[in-house]
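K.L.:
For reference, the structure I am asking about is given below.
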Amino acid sequence: MLHKPKGVIVTLSDERNRKTVYNILPPFVLEDKWRPIGRLDRDSRGLLLFTQEGEWVNRLTLPGHYSKMYEIWIRGRITKEQLHQTREGVETAVGILKVKSSEIIGYAGPKTRLLVELLEGKNRHIRRIFGALQDPQYHTPLKVLDLKRTQIGTVKLDIPSSRWRFLTHREERELIQCKK
């Protein structure tokens, strides 16, 4: 488990010399061919799992198999109708995207804090959904300001940014048994 910070990319190496997750992790992770399970874009942060087992990569990235939870901050105030729309499906530039669940957990001025659950994650899924909606007061697109993945299946993020740890045997066992 790695708590990926914002500004770091998820790749083995980068031709533009940007910081990668392997610059944060100990050298043995790259040397022993540990690979990320899924991705988080450069502007996102939070829980990222690594494995040496190809079967785990396939299993944990299979759409609809494992739930992923995110805490996000958006610029704008989202309505209850728009939250409902995110669960039913929102037309985006890449087609209709939806979330399993979404709820408002707070406000700070013109910003809204949400808890969002996905069963499948396409490229920039959450950013595209909320960017396709408009702030009801200012009629400008909502914008994801911060996106943090906090949970994959039964595994919850519990370490500070840029830190890593091995999963416990119990976490591994629960993750194997978990579906959605």
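The values are calculated or read from the model by the stated rules, or taken from the named source; none is laboratory data. Nothing here was measured: the structure is a model prediction, and the numbers come from that model. As a convention, Cβ positions derive from the backbone with ideal geometry for all residues, glycine included, and neighbour counts pool all protein chains shown.
K.L.:
Which condition from (1) on the phi > 0 side of the Ramachandran plot; (2) part of a strand (DSSP E or B) is the one that Gly64 breaks?
P.N.:
(2)
K.L.:
Tell me whether the stretch 90-107 contains one or more residues that are among the hydrophobic types (A, V, I, L, M, F, W, C), part of a strand (DSSP E or B), more than 17 Å from the chain's Cα centre (by Cα) and surrounded by 17 or more Cβ atoms within 10 Å (Cβ to Cβ).
P.N.:
The answer is yes, given that some residue of the stretch 90-107 is among the hydrophobic types (A, V, I, L, M, F, W, C), part of a strand (DSSP E or B), more than 17 Å from the chain's Cα centre (by Cα) and surrounded by 17 or more Cβ atoms within 10 Å (Cβ to Cβ).
K.L.:
Another question, then. Can you tell me which residue among Thr51, Thr86, Thr11 is without any contact (Cβ under 8 Å) to a residue 24 or more places away in the chain and in contact with a Ser or Thr (Cβ under 6 Å, 6 or more places away or on another chain)?
P.N.:
Numbers: Thr51 fails: in contact with a Ser or Thr (Cβ under 6 Å, 6 or more places away or on another chain); Thr86 fails: without any contact (Cβ under 8 Å) to a residue 24 or more places away in the chain.
Exactly one residue qualifies, and that residue is Thr11.
K.L.:
So, one more: Considering only the stretch 108-126, how many residues are under 16 Å from the mean Cα position of the chain (by Cα), surrounded by 18 or more Cβ atoms within 10 Å (Cβ to Cβ) and without any contact (Cβ under 8 Å) to a residue 40 or more places away in the chain?
P.N.:
1
K.L.:
Follow-up question, since we're still on this one. For the condition touching a strand residue (DSSP E or B) at 6+ places or on another chain (Cβ under 8 Å) and closer than 22 Å to Ile176 by Cα, what is the one hit in Leu25, Leu60?
P.N.:
Working: Leu25 fails: closer than 22 Å to Ile176 by Cα.
One residue alone meets the criteria, Leu60.
K.L.:
Mind listing just one residue for me: the one in the stretch 7-56 that is under 17 Å from Met69 (Cα atoms) and in a loop (DSSP other than H, G, I, E, B) and, of those, modelled with the lowest pLDDT?
P.N.:
Per the stated criteria, the residue is Gly38.
K.L.:
Go over the candidates Lys122, Lys111, Lys80 one by one and state the one that is within 16 Å of Leu40 (Cα to Cα) and not acidic (Asp, Glu).
P.N.:
Working: Lys111 fails: within 16 Å of Leu40 (Cα to Cα); Lys80 fails: within 16 Å of Leu40 (Cα to Cα).
Only one candidate qualifies: Lys122.
K.L.:
In this structure, does Lys148 turn out to be surrounded by 19 or more Cβ atoms within 10 Å (Cβ to Cβ) and touching a Lys or Arg at 6+ places or on another chain (Cβ under 8 Å)?
P.N.:
Working: surrounded by 19 or more Cβ atoms within 10 Å (Cβ to Cβ): yes; touching a Lys or Arg at 6+ places or on another chain (Cβ under 8 Å): yes.
Judged against the criteria, Lys148 is a match.
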